[in-house]
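Structure record follows, encoded as structure tokens.
Just so it is clear, none of the values below were taken in a lab; they were calculated from the coordinates. Since the model is a prediction, treat every value here as computed from it, not as a measurement. Every residue, glycine among them, receives a Cβ derived from its backbone with ideal geometry; neighbour counts consider all protein chains shown.
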Amino acid sequence: MDLDVQGAFMKVCCYYWSKECNVTRKQIKTLIPKQWSTLLDAELFKIEEEAISIKWLDEQYKQRLVEHKRNVSNGKKGGLSRAKALRKDKIRKDNTDPYLTTTFIK
């Protein structure tokens, strides 16, 4: 495969990833018009109902989505527990007012 075609494939991969793995045939054809037929012949991606599919990028994208959802969930748990701890600390500080004393002057 020529360097020109390899570069075109990398361009397609970057564009495909930036569009969240949802790209049409027309978009790719306008992106790389000269190398389009060569890439089709190389069978580096599939075309299903006008949508382009690059298998290895689709797999990575699905893994990233799962990881992202897990990280969001864990971040939310950590944020909630920290907020809860800060609220408890604030309540303790509010209950101990330095200007109020419990001893009375006789």
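Side notes on the structure shown:
- The distance between label points at Gln63 and Ser37 comes to 3.7 nm (points 7 Å beyond Cα on the Cα→Cβ vector).
- In this structure, the pairs whose alpha-carbon distance is over 22 Å, taken from Lys19/Lys55; Lys29/Lys69; Lys11/Lys46; Lys11/Lys55; Lys19/Lys69, are Lys29/Lys69.
- Relative contact order %, region 3-53, counting alpha carbon pairs below 8 Å whose residues are six or more apart: 42
- Net length gained if the chain between Met1 and Lys55 were fully extended (0.36 nm per residue, minus Cα distance): 17.5 nm
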